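**Q** Take a look at this one; I'll ask things after.
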Amino acid sequence: MGQHANITGEIRHLSPAYPPFRMKAQDAAYYCGMSTSAFLRAVDCGKFPKGIKTTGGRFWLRGELERAMVEGDTDPQHDFTQKI
């Protein structure tokens, strides 16, 4: 289970069994199985949504993260029809 201190120093826990509807970057990264910096790089490259900016900061919706993880990168990395 993920655990981190928020801005006020309060310890927060994130249970992957039932994650919140919307998450800040650190929780979204944990939910996706990544470090926060790797998650934000993936957001910058378009592999994950940009999130929604509100008064409380930027949030990522659980459904959008799940969709991005399921769809993944659809560009083929190799052309297996060509002979070696």
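Since every read-out is calculated from the coordinates, none of them should be taken as a lab result. Just so it is clear, the model here is predicted, and its values are computed rather than measured. Cβ placement follows ideal geometry from the backbone for every residue including glycine, while neighbour counts extend to all protein chains displayed.
**Q** Using a 10 Å cut-off around each Cβ, can you sort Val70, Val43 from fewest to most neighbouring Cβ atoms? Provide the component values of the computation, followed by the final result.
**A** Working: Val70 7, Val43 19.
With the fewest neighbours first, Val70, Val43 line up as Val70, Val43.
**Q** Hey, fewest Cβ within 10 Å first, where do Thr36, Thr54, Thr81 land in order?
**A** Details: Thr36 15, Thr54 9, Thr81 5.
So the ranking, lowest neighbour count to highest, is Thr81, Thr54, Thr36.
**Q** Along Cα→Cβ, 7 Å out, is where each label goes; now give me the distance between the ones at Thr81 and Arg58 in nm to one decimal.
**A** Here the answer is 3.8 nm between the modelled labels.
**Q** Using the beta-carbon distance between Lys50 and Val70 and R0 = 25 Å, what value does 1/(1 + (r/R0)^6) give for FRET efficiency, to the nearest 0.05?
**A** Working: r = 18 Å, r/R0 = 0.73.
Efficiency for this residue pair is about 0.85.
**Q** With Cβ to Cβ distances under 14 Å as the rule, what net charge do the other residues near Thr55 carry (K, R +1; D, E -1)? Let's see the in-between values first.
**A** Details: positive: Arg22, Lys24, Lys53, Arg58; negative: none.
So the surrounding residues net to +4.
**Q** How high is the relative contact order of segment 21-71, given as a whole-number percent (alpha carbon pairs under 8 Å, six or more residues apart)? Before the final figure, lay out the partial values.
**A** Working: 57 pairs, mean separation 21.1, N = 51.
Relative contact order here is 41 percent.
**Q** Near the amide H of Phe59, under 5 Å away, which other amide H atoms are found, from residues 5 or more places off or on another chain, if H is placed in the peptide plane?
**A** Amide H neighbours of Phe59, under 5 Å, 5+ apart: Ile52, Lys53, Thr54.
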